[in-house]
Amino acid sequence: MNMKSTYKLKLMASALLATSMAAAPAFAKVDQAQADKLGGSELTPSGAEVAANADGSIPKWEGGMTDNPSCYNGGEFLCNPFPDDKPLFTITAQNLDQYKSKLSPGQIAMFEKYPDTYRMPVYQTRRVYTIPDRIKELTKKNAVSTQTAGATGLTGLNLQGYPFPIPQNGLEAIWNHIGRWRGDALERTIGQVTPQANGNYSMVMFNDQLSVTNQLTDYVPGEDDNVMFYFKQQVTAPARLAGNVLLVHETIDQVKEPRRAWIYNAGQRRVRRAPQVAYDGPGTASDGLRTADNFDLFNGSPDRYEWTLKGKKEMYIAYNSYKLDEKGVPYDQMIQAGHINQDMARYELHRVWEVEGNLRAGTRHIYAKRVFFLDEDSWLAGVIDHYDGRGNLWRVAEAHQQFYYNVDVQGYAIETLYDLNAGRYLALGFENNEPKGTNFEVKFSKVEFQPAALRRSGVR
């Protein structure tokens, strides 16, 4: 077969794949009777089970943390609302067999990789999560209006509400992580590390700015309807990278309209389009330890995978991780060889949705399979196991979640991605020694998220 014929066959295959994805039927919405269960005695406003589990180790949801704790005096840094809590027990390599049924394969692999140092302190489960009243209403509307448009996007979505609080399949569950309530806007300065096998590291600092489209000060209804949010990230340290800026307009249907991304290179003083900022393109300053879509544990279009909803299970995930976000804690105390300091972590037993993603025929990605464990209360991915093309477990992602009770947003103190082959990891989110914490009270205009603004942002 000559090169011309081969090229034609590739074009035909691409066209058939695009046609099949576009022609896939939209999944059915739930009826009003089901939607009315949200916020009632059966389902929380975000779609989790209100009831406790059989033995009460996962308590009944009692409305979440609706008031700030007495230790909180305002500001961006949070205090630990549970300072007197002690571990109920600690999982180690020695007692691992007792707890395997409530761990992911990736978590188990971490004990096997680091038998002498890796541990999980397990605490009382506290279901603190709640959402503002307006987000409850948007979520209930989405339950009866939002549909998946084939494998590529959504229709009928009310921004900021959870797209599918009562998911019928794996794709809908994944969209709850991608489109979850994360606040109207935020600004933060955080650090990222990629320690060597011996624990040595250099910190890369980012200033992140994000705004949901309809929360821009100059938002025009009907304009940029396919954009979910705007995101800008500037490197502030080290000096050799300082001034580089990434800009993303996160589209909802990324096959219909690919993610818009630009990079400003401070050394070249030049703005250019950045189509590689998607899927398995390299992550910013990550030393090859994460892909573009590993950021926020998973982001971007879910179209390259076939998603299967495996059901719910009880699992130990990192939760209420306020120790890792405590102001003034030295970074050297948190960053160690092989993994973060697990003595500062907090794990709790929670119900999670298990969703398996297998690479779709005709597409490519360095991860052939991803298995998500989504917190039922917040829909934030607690753990994601990543597999290579040979079916071997490769990387393990964890979100050390915490509830920003001052704004009713579930986020994380740190997100980690462990490479089992390299014996290295990436950790992102360190803000303990910065002048300010994560600020959710900011407002941005659309002009601040335009390519022309990158040169101004990137001035060293």
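Among the listed values (i) 5, 22, 32, 25, 13, 4, 0; (ii) 4, 20, 32, 29, 13, 2, 0, 0; (iii) 4, 18, 27, 25, 15, 7, 3, 1, 0, the one computed from these coordinates for P(r) over Cα pairs in 10 Å bins from 0, in percent is (ii).
Compute the signed sum of charges (Lys and Arg +1, Asp and Glu -1) over the other residues within less than 12 Å, Cβ to Cβ, of A453. Numbers along the way, then the final one.
Values: positive: K232, K446, R455, R456; negative: E448.
Once all neighbours under 12 Å are counted, the net charge is +3.
Quick one: with all protein chains in place, what share of the accessible area of the chain is carbon or sulfur, to the nearest percent (1.4 Å probe)? Percent of accessible area from carbon and sulfur atoms in the chain: 51.
Loop-resident trypsin sites (Lys or Arg not before Pro) (DSSP state other than H, G, I, E or B) in the range 252-310 with no more than 16 further Cβ atoms inside 10 Å of their Cβ: K256, R269. Electrostatic tally near W61: other residues with Cβ closer than 14 Å to its Cβ, Lys and Arg +1, Asp and Glu -1, net -1. Largest to smallest in accessible area, the residues M203, M228 fall in the order M203, M228 (1.4 Å probe, all protein chains included). Positive contributions from Lys and Arg (+1) and negative ones from Asp and Glu (-1), summed over other residues with Cβ under 13 Å from the Cβ of Q168, come out at -1. Looking at the square roots a ≥ b ≥ c of the eigenvalues of the Cα gyration tensor of the range 105-163, which shape do they give, rounded for a/c under 1.5, prolate if a/b is larger than b/c, or oblate? Oblate is the answer for the range 105-163, as a/c is 1.5 or above yet b/c matches or exceeds a/b.
The values are calculated or read from the model by the stated rules, or taken from the named source; none is laboratory data. The structure presented is a predicted model; accordingly, all values stated were derived computationally and were not measured. Here Cβ is always computed from backbone atoms with ideal geometry, including for glycine, and neighbour counts include all displayed protein chains. All accessible areas refer to the heavy atoms of the entire protein, side chains included, with ligands and DNA or RNA removed. Shrake-Rupley method; radii C 1.70, N 1.55, O 1.52, S 1.80 Å.
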